């Protein structure tokens, strides 16, 4: 499960892009190991993802691609019994450092799950706007319903619950 086969960065058109406003260094991973309990699933991963470039993590099912990405956005630690060692720098800052804010990191390093992964206690709409609410704690049910109406989706009522 620790064999992430290939990490590729598409930077063919990097010279054509305008420089970012602030200097960024992308993501640098050094000697990353991850466990689920006693199961050691990632072994000594080293990689660099250039800023403002598309990076693909390619490999067969079960090789650790999703686990690696969860480690890059600090979602791995949300799994009971999971742990990580090694160094992960995002724009030069250690994301596992003592002053690192996991929520702020997750706002910058996103993840798209292979399967829908909704919160079961929330409605479909509440799941859809959870990211908006994370960024703006004042987001209300009425603003969520307004966003839903603009998108043609359902309301935020109890009948649209999951599960």
By count of other Cβ within 10 Å, fewest leading, how are 103, 48 ordered? 103, 48
Given 0.36 nm per residue, what is the gain on full extension from residue 66 to residue 115 after removing their alpha carbon distance, in nm? 16.5 nm
Most exposed first, judged by fewest Cβ atoms within 10 angstrom, 77, 126 run 77, 126
For 88, 41, ascending order of other Cβ atoms within 10 Å (fewest first) is 41, 88
Potential lengthening between residue 56 and residue 99 on full extension [0.36 nm per residue; Cα-Cα distance subtracted]: 12.6 nm
I want to check the label-to-label distance for residue 30 and residue 85. Put each point 7 Å from Cα in the C-beta direction and report it in nm to one decimal. 1.6 nm
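We did not get these values from a lab; they are worked out from the coordinates using the rules stated. Just so you know, these numbers come straight off a predicted model, no measurement behind them. All Cβ positions, glycine included, derive from the backbone under ideal geometry; neighbour counts span all protein chains shown.
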